[in-house]
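All remarks here apply to the structure that follows.
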């Protein structure tokens with residue numbers, strides 16, 4: 001079983017991962033499509049990695065849950081993160097599709 005002090009460290013790490021994804025989401029939602037699309041591509045890669053990191057950390061936290069109520073609260077945090085993750089990745093992929101479609105429309109003269 002995970003020790004109480006370990007759970008605190010995992011919760012801190014989880015907060016950092018959530019904050020990272022929130023920054024990516026904010027950047028994506030406010031992205032000016034005249035900027036370099038590589039800025040979005042780089043964040044896409046980081047966001048994908050954040051899901052695995054979150055799942056690993058969250059599993060450790062859930063193992064340390066003292067009772068069913070704590071476990072349910074932790075499960076809700078997992079759902080919240082997953083929703084933010086999928087919203088963010090969908091927004092990134094939408095930007096990438098639009099960029100690719102616009103690039104294909106440009107015909108050299």
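The values are calculated or read from the model by the stated rules, or taken from the named source; none is laboratory data. Since this is a predicted model, take the numbers as computed values, not measurements. Using ideal geometry, Cβ is built from the backbone for each residue, glycine included, and neighbour counts are taken over all protein chains shown.
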Inset, instruction - Scan the range 31-41 and give yes if some residue there is modelled with pLDDT of 95 or more and farther than 15 Å from residue 99 by Cα, otherwise no. - result: no
Inset, instruction - Check 14, 23 and return the single one that is in contact (Cβ under 8 Å) with a residue 12 or more places away in the chain, out of contact with any strand residue (DSSP E or B) (no Cβ under 8 Å at 6 or more places or on another chain) and assigned to a helix (DSSP H, G or I). - result: 14
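Conditions tested, residue by residue: (1) surrounded by 17 or more Cβ atoms within 10 Å (Cβ to Cβ); (2) modelled with pLDDT of 95 or more.
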{"residue": "54", "(1), (2)": "yes, yes"}
{"residue": "64", "(1), (2)": "yes, no"}
{"residue": "73", "(1), (2)": "no, yes"}
{"residue": "81", "(1), (2)": "yes, yes"}
{"residue": "88", "(1), (2)": "yes, yes"}
{"residue": "93", "(1), (2)": "no, yes"}
Inset, instruction - Would you check if residue 102 is at pLDDT below 95 and assigned to a helix (DSSP H, G or I)? - result: yes
Inset, instruction - Among what's in the range 33-89 and is part of a loop (DSSP other than H, G, I, E, B) and in contact (Cβ under 8 Å) with a residue 24 or more places away in the chain, pick the residue that is nearest to the chain's Cα centre (by Cα). - result: 37
